[in-house]
Structure formats: C-alpha cells, structure tokens
Amino acid sequence: MKIGVIGTGQFARSFIGLWQLHPDVEEVYACDVVPERAKDHAEKHGLAGTFDTFEDALASDIDSVAILTQRWTHGPLVLQALEAGKNVYSAVPMAISVEEIGAIVKKVEETGLIYMMGETSYYNPAVVWARSKIAQGELGRVFYSEGDYVHDMDNGFYAAYQYSGGDDWKRTASYPPMLYPTHAVGGVLGAVPSYATSVSCIGIRDDRGDGVFDKEVSLWGNEFSNMTALFELADGGTMRTNEFRRVGYWHGHESRFRFYGTEAVMEQSGHGATYSIKTEGENYRKGKTLDISDEFYTKGGQIPEGFGDVDPALMQSFASGNAKVQDRSRLPKEFEGAHNGHEGSHHFLADDFVRAVTTKTQPPVSAWRAARFTLPGVVAYESAKQSGARIEVPDFGEGPANPNW
C-alpha cells in the first residue's frame with residue numbers, strides 16, 4: 001500500500017517512521033499547509049515524496065491517507081478522502097458533530113473503504129487487560145465504569161497549541177474538552193461491549209483569566225475547562241468520564257480506568273492499579289486485593305532522535321515501551337526497537353491500519369466503533385451547554401465484525 005500523511009506536526013513523525021519500516025507499505029508521502037515541514041520530513045525519513053496540497057494527494061495513485069491535522073478539521077477532510085476513493089486513518093477525534101460522524105459512517109458503508117480512528121486507549125495496557133478479563137466473565141456483570149483524561153493545560157498543552165496555532169493560538173486552545181473524549185470513552189468502551197444511549201454533563205467555567213477558555217476569544221464560544229459526564233449504557237450499566245484541563249496533577253497516567261463488576265473490581269489511579277476479588281459465599285473477609293500495577297507498566301522508551309522541539313511535559317506521549325499484557329508477537333519484526341508512544345500503542349495503531357487495508361478487513365477501531373467512542377462526548381458538550389440536561393446519544397450500529405487480532 002501507499003500512504004500519504006496529511007499534516008506533519010509533532011505526532012506525524014512517529015507514524016511516518018513506523019510506516020516507513022512496515023514491510024507491507026511500499027511508499028510514504030507527506031503533505032502539509034506549511035510545505036517546508038513536509039519537505040523536511042521527506043528528507044529526514046527518506047520518503048517517496050511530498051504533495052503541495054491535500055487535493056494533489058487525493059488525485060495521486062496512493063490508496064490511503066493518514067489525517068493528522070488539527071483535531072477540529074478531521075471530519076471534512078475524512079469525507080473528502082473517502083469521496084476520492086482513499087482508505088483513511090484519522091487521528092482522534094473522528095469529528096466534532098453528530099452530522100459529520102454520521103456522514104463518515106454512511107460513506108464507509110457506501111464505498112466499502114477502510115476507515116480507522118487512531119485511538120490510543122484501545123491499546124492502553126489497562127484496557128487490554130480489562131477487555132480480556134471482562135470477556136472471560138471474571139468481573140461478573142460490569143455495571144459501572146470510569147474513564148478519565150486528566151491533562152492540565154500547563155502540562156505541555158500551551159506549548160502544543162502555540163506550535164500549531166500561530167499568533168491566534170488562544171482561539172483554538174479553548175477547544176471544548178468533551179469534543180476530545182476518546183482517550184476516556186474509548187478506554188471504557190474498548191473493554192465493555194456496550195455503547196452510550198444518553199448523557200448528562202456538567203461543565204465547570206474557567207476562571208484563570210488568561211484568554212484561554214474565554215467565551216469571547218474561543219472559536220467555539222467555549223468557557224468550560226473541566227467537564228464531567230454520566231452516561232447510560234445500552235446494557236443497563238453506567239459510565240462516567242472526566243475531561244480535565246485545569247487540574248493539579250502532573251505525572252503518571254493521563255488516561256486511567258476503573259471497572260466495577262459484581263464479582264471483581266479493577267481500579268487504576270495515576271500511579272498504579274488494584275484488582276479486588278470477591279470469593280464464593282458471603283464471607284467478604286476472604287476476598288483479596290491484588291496490586292496489578294506491574295502488568296500495566298510500559299518499560300523502556302527512549303526519547304527518539306528528532307523530537308527535541310517537543311515540550312518535555314508531553315514526552316511520555318512520544319516515548320514509551322510496552323507492558324506485559326500487550327502481545328507484540330503479531331507485530332512486524334521491523335518494529336523492534338523503533339520509537340513508540342502513548343503507553344506502547346503506536347506500534348499497534350500503525351500495524352492495524354496496514355493490516356486492515358491490505359487484507360480488506362475492518363480494523364478494531366472501525367468507523368462504527370469510532371462513532372461510539374466519539375459521539376458520547378459530542379452530545380455531552382451539548383448537555384453541558386444546557387446545564388446538564390439529559391440527552392439521548394445516537395448510535396449508528398456495530399458495523400461488520402472486527403477481526404480478533
């Protein structure tokens with residue numbers, strides 16, 4: 001396959017390098033609204049070439065594009081690529097409106113093309129572990145789950161928005177937290193086989209006074225910096241998620257998850273995780289709690305060459321190893337020793353897209369699952385603007401069966 005990487009910001013170089021290594025990728029190209037960035041990537045990584053515009057990429061003979069542009073631009077670009085007959089890998093989120101998400105699902109259904117959303121939490125070690133345990137029935141009925149994405153603006157986000165936003169960066173640094181929901185929602189629904197049906201969300205108005213999350217400055221008129229949502233799930237359970245951008249929390253897991261079942265409970269904090277097991281009968285004193293933190297610890301992960309412009313606070317997203325629960329046996333041998341990120345997820349993301357395109361099978365986070373990971377946050381934002389009103393979350397179905405990779 002041939003891939004055109006659209007948008008060569010700080011994350012693009014991670015995936016460009018991996019697709020260059022992949023034995024089933026013939027050519028990799030780059031394209032950026034700042035042409036010098038694309039050309040710089042082409043020279044550093046030995047790419048097949050660059051495209052001056054997105055339209056040039058779509059008119060070429062590449063069969064796939066990776067949309068790695070600003071988070072609020074994905075929907076229209078994905079639709080344009082699908083219209084042009086290209087398979088699509090998209091960074092998160094899928095889109096920022098119900099209409100855009102529905103249109104993408106419909107277009108994938110019509111064309112039969114591959115769409116994959118690059119949600120890291122699906123491959124998060126805690127989620128991989130929980131997905132297996134829940135599927136085996138070890139937790140009993142999982143009736144309540146939690147997923148948090150806790151990332152303070154001072155912890156690298158100011159620098160990232162300034163890097164990509166130019167002089168007008170405060171307009172977009174106010175991006176509504178619930179429109180970036182997939183690191184929290186995707187972790188829960190990547191383990192619990194259900195989907196959201198309704199939501200009530202509370203938004204906390206920002207009081208920092210620095211022009212970020214200022215309603216008059218924000219491109220979206222957004223004033224919420226922290227948001228909490230409670231979702232009803234189709235299986236009768238509930239899910240709570242937090243999206244925090246002003247929080248006195250610095251190190252550890254930005255995304256963390258908790259699953260409460262009738263027979264066992266997994267609870268992850270920023271620095272560890274425990275598994276509490278109820279024994280047979282009613283003598284709860286015989287229950288036990290296990291420290292399972294070591295299962296989720298991603299060992300290794302050196303800062304790769306060429307990432308010197310990344311804020312050190314964000315480096316854990318760009319440099320990580322793998323955890324015990326992540327099965328690397330099905331990855332290309334060429335990925336061994338290659339830079340990784342987001343708790344070991346980058347290698348799996350890069351390979352799953354290639355597998356999906358080359359085998360013409362749906363990836364784990366297909367258009368349908370991506371919609372279920374993204375829609376809850378989009379509707380939650382609307383709920384917050386209506387003072388927490390409970391609103392139904394639409395669903396576009398399950399889609400074709402995902403392969404058991």
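Things worth noting here:
- Between the range 200-263 and the range 1-70, the alpha-carbon center distance in angstrom: 33 Å
- Taking only the alpha carbons of the range 232-279, we obtain Rg and Dmax values of 13.4, 40 Å in that order.
- A Gaussian network model of the chain, with springs between Cα atoms under 10 Å, assigns the largest mean-square fluctuation among Ala159, Ala184, Ala350 to Ala159.
- Fraction of beta bridges assigned by DSSP in the chain that are antiparallel (%, nearest 5): 60 percent
- More than 33 Å apart - percent of Cα-Cα pairs taken over the chain: 29 percent
- For the chain, adding -39500 (n - 2.57) for each run of n ≥ 4 DSSP H residues and dividing by the number of residues yields -9000 deg cm²/dmol at 222 nm.
- Computed from point charges on the beta carbon alone (+1 for Lys and Arg, -1 for Asp and Glu), the dipole magnitude for the chain about its Cα centre is near 1080 Debye.
- Positive-end residue of Trp250, Gly270, Thr228, charge dipole of the range 215-282 with Cβ unit charges: Trp250
- Couplings 3J(HN,Hα) of the range 7-17, computed from phi: x, 10, x, 5, 7, 4, 4, 4, 7, 4, x Hz, in residue order, whole Hz [Karplus 6.51 cos²θ - 1.76 cosθ + 1.60, θ = phi - 60°; x for Gly and Pro].
- Taking the three principal axes of the alpha carbon atoms in the range 75-138, the coordinate ranges are 44, 21, 20 Å, sorted in descending order.
- Length-normalised contact order for the range 1-147 - Cα pairs under 8 Å, 6+ apart - percent: 18 percent
- Here the range 62-168 is treated as an ellipsoid with the same Cα gyration tensor; its semi-axes, largest first and in whole Å, are 29, 24, 12.
- In percent, rounded to a whole number, the relative contact order of the chain is 19, using alpha-carbon pairs under 8 Å and six or more apart.
- Computed from phi, the 3J(HN,Hα) profile of the range 206-220 under the Karplus parametrisation 6.51, -1.76, 1.60 (θ = phi - 60°) reads 6, 10, 5, x, 9, x, 8, 6, 8, 4, 7, 9, 4, 4, 9 Hz, with x in place of Gly and Pro.
- Accessible area of the chain belonging to carbon and sulfur atoms, whole % at 1.4 Å probe: 49 percent
- Unit charges on C-beta of K, R, D, E only; dipole of the range 39-117, Debye: 260 debye
- Positive minus negative residues near Lys39 (Lys, Arg vs Asp, Glu; Cβ under 12 Å): -3
- Fraction of alpha-carbon pairs over 18 Å apart in the range 152-235 - percent: 49 percent
The values are calculated or read from the model by the stated rules, or taken from the named source; none is laboratory data. Not measured: the values here are computed from a predicted model. Methodologically, a virtual Cβ is constructed for each residue, glycine included, from the backbone with ideal geometry; neighbour enumeration extends over all protein chains shown. Note: accessible area is taken over every heavy atom of the protein model, side chains too, but ligands, DNA and RNA are not part of it. Shrake-Rupley method; radii C 1.70, N 1.55, O 1.52, S 1.80 Å.
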